[in-house]
Amino acid sequence: MNGELYAYSALDSTGAKVRGEIAAIGEQEACRALSARGLTPLKVAIKRKRGPLFSTQRVTTRDVADVTRELAVLIEARIPLARSLLSIAEQESKAALASMVRSIATAIEAGEPLTRAIEPYRDVFGEVYIETLRAAEKSGNLAQVMGYLAELLDRQIESSQQLKRAMTYPVIVLSVVVAAVAVIVVFVVPKFAATFGAQGVELPTITKWVQVLGESIKAFWWAYLGGLGVLAAAAIGYAKSPDGRDFFERLLLRIPYIGSIVVSSTVAQLTRVMSIGLSSGLGLIESIELGGRASGRSVIRAECDGVASDLRGGQELAGSLQETRYLPPFAKRMLVAGKDSTELSRACDIVAKHFDRETSHLTKNINTVIEPLLTVAMAGIVLLVALSVFLPMWQMVKIKH
């Protein structure tokens, strides 16, 4: 029997609480199987297995984009959702992807809505995907939204590839420079310093600092590595918390150029979902809230919730938008220009297309910003190391003359 593994907690005939795992096709079947065993289910949830980080069977963003595009075509052809998913699973050669799609289809056949069916795979689809689908379910415009999501994922993949290509050269250069500087600081400068000291040369302050740093790294390299590991783990753990996520998002938005890329991509996603909601008959307040959730950024979502709250309180859209901090002026002007749902939907679509182009342009030209900064940083590091070596040489020459 093909199915998923579910973790459960239940009460046995004596009222004692028991926990375990059970294989079943869908949550309802798992509950029926537990009842047949004489257990009263309290909680049943699919047990997700985290695959290896590098695996040919790992479901990728490209896989999700391909499935989404196929599903959009099948829905457009008025084929039922569960049957469409099953047909995709039958033709899929990647076992992990086929199993995931089949599990989603089974949940839908059991009466679950699409967003509830894919919720166990949130780490695969992402919050933006799920919240956008939630807007589609409320508006009844699933086929159009599926097509949009496929395009969105394609743009994300393209942007990711552009960033990787842009970062390859700087990362290689920076790695080589860091390795060379580490060798000079740890091995070369301390030997030079010892030689100069034996000649009676008073070492400059900068040379003493570099010498102490090199000797410290050489003697306690394990402590430095451990400290970096602890800092990295603490940063990752903090970033996963709500407060940490807000902190790093605000920090990211303050970084020149990078913040512009983040804002552009986020506003494009926000306004696209608003356009879908408005064109499908949803109200302005609900569309703004859905767009905020679909933006994928907690700070943007908080601003959207604030705008929605102001609108419920009777405030005009123009006044409420002026209080937002991260929404660009062009987006504010276009949204205020829409007088009814049809015009506002069209305005949102224009804003989304504008910031899609802006995101693509910024991403393609990121290398032109990184290379000068990298050159200045490398020059500073090389100058620091060079001064720590050559200053004692000049003093030694003066002593001999």
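The values are calculated or read from the model by the stated rules, or taken from the named source; none is laboratory data. Worth saying up front: this structure is predicted, and the values here are computed from it rather than measured. Methodologically, a virtual Cβ is constructed for each residue, glycine included, from the backbone with ideal geometry; neighbour enumeration extends over all protein chains shown. Note: accessible area is taken over every heavy atom of the protein model, side chains too, but ligands, DNA and RNA are not part of it. Shrake-Rupley method; radii C 1.70, N 1.55, O 1.52, S 1.80 Å.
Yes/no matrix, rows are residues, columns are (1) among the β-branched types (Val, Ile, Thr); (2) touching a Lys or Arg at 6+ places or on another chain (Cβ under 6 Å); (3) within 28 Å of residue 240 (Cα to Cα):
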{"site": "79", "(1), (2), (3)": "yes, no, no"}
{"site": "89", "(1), (2), (3)": "no, yes, no"}
{"site": "93", "(1), (2), (3)": "no, no, no"}
{"site": "103", "(1), (2), (3)": "no, no, yes"}
{"site": "108", "(1), (2), (3)": "yes, no, no"}
{"site": "118", "(1), (2), (3)": "yes, no, yes"}
{"site": "125", "(1), (2), (3)": "no, no, yes"}
{"site": "142", "(1), (2), (3)": "no, no, no"}
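Each residue in the range 350-371 was checked for being surrounded by 18 or more Cβ atoms within 10 Å (Cβ to Cβ) and basic (Lys, Arg), and 0 pass. When only residues in the range 331-340 that are in a helix (DSSP H, G or I) and open to solvent by 60 Å² or more (accessible area, probe 1.4 Å) count, which is nearest to residue 174 (Cα to Cα)? Among them, the one singled out is 333. Hey, any hits in the range 286-298 for a residue that's over 18 Å from residue 245 (Cβ atoms), in contact (Cβ under 8 Å) with a residue 24 or more places away in the chain and open to solvent by 50 Å² or more (accessible area, probe 1.4 Å)? Checked the range 286-298: at least one residue is over 18 Å from residue 245 (Cβ atoms), in contact (Cβ under 8 Å) with a residue 24 or more places away in the chain and open to solvent by 50 Å² or more (accessible area, probe 1.4 Å).
Filtered by the rule that a residue be part of a helix (DSSP H, G or I), surrounded by fewer than 17 Cβ atoms within 10 Å (Cβ to Cβ) and out of contact with any Lys or Arg (no Cβ under 9 Å at 6 or more places or on another chain), the range 312-330 gives 312, 319, 329, 330. I need every pair where a residue in the range 178-200 that is free of Cβ contacts under 8 Å to residues at least 60 places away in the same chain and in a helix (DSSP H, G or I) has its Cβ under 7 Å from the Cβ of a residue that is among the small types (Gly, Ala, Ser) and open to solvent by less than 50 Å² (accessible area, probe 1.4 Å), sequence separation at least 6 or different chains. Between residues of the range 178-200 that are free of Cβ contacts under 8 Å to residues at least 60 places away in the same chain and in a helix (DSSP H, G or I) and residues that are among the small types (Gly, Ala, Ser) and open to solvent by less than 50 Å² (accessible area, probe 1.4 Å), the close pairs are 186/214; 190/214. Checked against (1) open to solvent by 80 Å² or more (accessible area, probe 1.4 Å); (2) of a type in the set (Asp, Glu); (3) within 42 Å of the chain's Cα centre (by Cα), residue 202 passes all but condition (3). Does the range 56-108 hold any residues that are β-branched (Val, Ile, Thr), within 22 Å of the chain's Cα centre (by Cα), closer than 21 Å to residue 145 by Cα and crowded, with 19+ Cβ neighbours inside 10 Å, and which are they? Answer for the range 56-108, where residues must be β-branched (Val, Ile, Thr), within 22 Å of the chain's Cα centre (by Cα), closer than 21 Å to residue 145 by Cα and crowded, with 19+ Cβ neighbours inside 10 Å: 64, 67, 68. Among the candidates 301, 272, the residue that is open to solvent by 10 Å² or more (accessible area, probe 1.4 Å), in contact (Cβ under 8 Å) with a residue 24 or more places away in the chain, closer than 30 Å to residue 122 by Cβ and part of a helix (DSSP H, G or I) is uniquely 272.
Scanning the range 233-251 for residues that are touching a helix residue (DSSP H, G or I) at 6+ places or on another chain (Cβ under 6 Å) and open to solvent by 90 Å² or more (accessible area, probe 1.4 Å) gives 238, 245.
Output yes when any residue across the range 236-243 is touching a residue at least 12 places away in the same chain (Cβ under 8 Å) and under 29 Å from residue 191 (Cβ atoms), and no when none is. The answer is no; no qualifying residue exists.
Go through the residues of the range 226-233 one by one and say whether even a single one is assigned to a helix (DSSP H, G or I), under 28 Å from residue 159 (Cβ atoms) and at pLDDT 85 or above. Yes. For beta carbons closer than 8 Å, sequence separation of 6+ or different chains, a first residue in the range 107-125 that is within 17 Å of residue 59 (Cβ to Cβ) and a second that is assigned to a helix (DSSP H, G or I) and basic (Lys, Arg), the qualifying pairs are 107/116.
Residues in the range 88-137 that are more than 23 Å from residue 277 (Cβ to Cβ), out of contact with any Gly (no Cβ under 7 Å at 6 or more places or on another chain) and not in a helix (DSSP H, G or I): 92, 93, 94, 111. Has the range 109-131 got any residue that is under 29 Å from residue 6 (Cα atoms), buried (at least 16 other Cβ atoms within 10 Å of the Cβ) and small (Gly, Ala, Ser)? Looking for residues that are under 29 Å from residue 6 (Cα atoms), buried (at least 16 other Cβ atoms within 10 Å of the Cβ) and small (Gly, Ala, Ser), one finds at least one in the range 109-131, hence yes.
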